[in-house]
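K.L.:
Structure incoming, see below.
The values are calculated or read from the model by the stated rules, or taken from the named source; none is laboratory data. On a predicted model such as this, the values are computed, not experimentally measured, just so you know. Cβ atoms come from the backbone with ideal geometry, glycine included; neighbour counts cover every protein chain shown. For accessibility, only protein heavy atoms count, side chains too; no ligands or nucleic acids. Shrake-Rupley method; radii C 1.70, N 1.55, O 1.52, S 1.80 Å.
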Amino acid sequence: MNKKKIAQYIEQEKLFTLKDKILVTLSGGADSVALLHLLLDMGYTCEAAHCNFHLRGDESDRDETFVRQLCLQLEIPLHIRHFRTTEEATQRHISIEMAARELRYAWFEELRLKQRADVIAVAHHKDDSVETLLLNLIRGTGINGLLGIRPKNGNIVRPLLCIDRKEITEYLQEIGQPYITDSTNLQDEYTRNKIRLNLLPLMQEINPSVKESLLRTAEHLNDAALLYKRGIEEGKQKVQTGQGILIQALLEEPAPETLLFEILSPLGFNGTQIKDIFASLNGQPGKIFLSKEWRVIKDRTLLLIAPICSADSSTILSPDDGALPFQLTMEERELTNDFVIPRDRNTACFDADKLESLTVRRCRQGDSFIPFGMTGRKKVSDYLTDRKFSLSRKEQQWVLCSGNHIIWLIGERTDNRFRIDENTRRIIIVKFIP
């Protein structure tokens, strides 16, 4: 192991100094064990932190026992935290992987402050950076996702990004240090492992130095990202107002859809939604787009942006210029056992996870829906006839749509497909204000 290379990398990236206290995240795997050994051998002051997520049965306890013995042997302080990861993921409706990540880093920062450590060192290396780049590329990403893993992010530092997995295992063999092997890392089970075990070996058959090529590309993109970020910030200043985005100013930008992506993606809108929003810019006002916490309304000259209201407040969904002859208010909330579905015709409740982009329009000839409580499709005109509506009244009927589907004859009846059922977790409550 070329320790000089690692020392130069730490100095070059200004990760920490010999005066600093370093909190090393220690899983028991080869990477984190090597990181701890190397830092101690290079004279740094270290403490270790281990998370037991209780996700792999006996293996999780085996890992904890291993790191306890290792830290006793190395005579350094060890901090351990147990997490109810599965329960946390279920309660927050997120993946187990995401829950584990958030729990881990929140505790690391809490511990760093408590122990007065200067940085949190994690053991990502070259191969991790390459895999992250490819993973982001496969999933779809902006330019930041193509930069690989960065050496420093706030108080998180990564001293091993200058070496690869092979160098790490060879170093541990040289010093005779055992380590734990996570059985899931040997299984072709998760996307990252598919990249590691299948995709990268295939790419190396085409180009044996593909890892180095990808990392060099990431370095070039890092410089490009600095210029990109500056351009995006300048564009935001031109198009954003206190209410939202000036549509005409946005369309005059060199890359309007990209700028829109950078504004809306941090608010939870995905790439498909942002494409739909961009496509709506030349259309009629009234389209509504929802992320989990934000909503965007296509107005005449603005894309109105505001947070989705909490249960004790309301958010106006109709454009402020009065393009609609009424207003709609919307609430999003978690479904609780004590929630009672309102029965008045001016209030509609929907399963939020069944909804797409929301649009308000007048009903059209040929429109149909599945009235609440029924299973068969019915023409809107026939429904209104059954309600004994006059021709002029029928022409004034407005509908709320999710994508291409009518979900509510506003002030009348909702569509059965979007009802609240036993699987509903989040609800949208829409109120009609004449």
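K.L.:
In this structure, does LEU384 turn out to be hydrophobic (A, V, I, L, M, F, W, C), at pLDDT below 80 and outside any strand (DSSP E or B)?
P.N.:
no
K.L.:
Let me ask something additional. Could you grab me the full set of residues in region 136-149 that are surrounded by fewer than 17 Cβ atoms within 10 Å (Cβ to Cβ) and on the phi < 0 side of the Ramachandran plot?
P.N.:
Listed by number, the residues that qualify are ASN136, LEU137, ILE138, ARG139, THR141, GLY142, ILE143, ASN144, GLY145.
K.L.:
Quick one: count up the residues across region 343-379 that are part of a strand (DSSP E or B) and modelled with pLDDT of 90 or more.
P.N.:
Summing the residues that are part of a strand (DSSP E or B) and modelled with pLDDT of 90 or more in region 343-379 gives 10.
K.L.:
Check off (1) under 30 Å from SER280 (Cβ atoms); (2) among the aliphatic types (A, V, I, L, M); (3) open to solvent by 60 Å² or more (accessible area, probe 1.4 Å) for LEU226 and give me the number that stays unchecked.
P.N.:
(1)
K.L.:
Check every one of the helices (runs of 4 or more DSSP H) wholly within region 1-113 and list those with 2 or more residues that are more than 25 Å from the chain's Cα centre (by Cα) and aliphatic (A, V, I, L, M).
P.N.:
Qualifying helices (runs of 4 or more DSSP H): 3-12, 30-41, 58-74.
K.L.:
Being touching a strand residue (DSSP E or B) at 6+ places or on another chain (Cβ under 6 Å) and either assigned to a helix (DSSP H, G or I) or of a type in the set (Asp, Glu) (or both) is the filter here, so list the residues in region 204-246 that pass it.
P.N.:
If the condition is that a residue be touching a strand residue (DSSP E or B) at 6+ places or on another chain (Cβ under 6 Å) and either assigned to a helix (DSSP H, G or I) or of a type in the set (Asp, Glu) (or both), then VAL239 is the only one that fits.
K.L.:
Related question: Among the residues of region 178-208 satisfying the criterion of being of a type in the set (Val, Ile, Thr) and closer than 15 Å to ASP127 by Cα, which is modelled with the highest pLDDT?
P.N.:
Across region 178-208, the extreme among qualifying residues is ILE195.
K.L.:
Related question: From the list ARG92, ARG68, ARG101, ARG112, which residue is open to solvent by 40 Å² or more (accessible area, probe 1.4 Å) and either touching a residue at least 40 places away in the same chain (Cβ under 8 Å) or farther than 15 Å from THR25 by Cα (or both)?
P.N.:
Among ARG92, ARG68, ARG101, ARG112, only ARG92 is open to solvent by 40 Å² or more (accessible area, probe 1.4 Å) and either touching a residue at least 40 places away in the same chain (Cβ under 8 Å) or farther than 15 Å from THR25 by Cα (or both).
K.L.:
For the structure I just gave you, tell me whether PHE83 is of a type outside the set (A, V, I, L, M), free of Cβ contacts under 8 Å to residues at least 40 places away in the same chain and either open to solvent by less than 20 Å² (accessible area, probe 1.4 Å) or in contact with a helix residue (DSSP H, G or I) (Cβ under 7 Å, 6 or more places away or on another chain) (or both).
P.N.:
Judged against the criteria, PHE83 is a match.
K.L.:
Name the residue that is least open to solvent (accessible area, probe 1.4 Å), counting only residues in region 332-355 that are closer than 21 Å to TYR383 by Cβ and among the aliphatic types (A, V, I, L, M).
P.N.:
Applying the filter and picking the extreme gives ALA348.
K.L.:
Given the conditions (1) at pLDDT below 95; (2) out of contact with any helix residue (DSSP H, G or I) (no Cβ under 9 Å at 6 or more places or on another chain), report the number of the one that GLN73 does not fulfil.
P.N.:
The number of the failed condition is (1).
K.L.:
Identify all residues within region 356-408 that are of a type in the set (A, V, I, L, M), crowded, with 17+ Cβ neighbours inside 10 Å and out of contact with any Leu (no Cβ under 7 Å at 6 or more places or on another chain); write none if there are none.
P.N.:
ILE370, LEU384, ILE406
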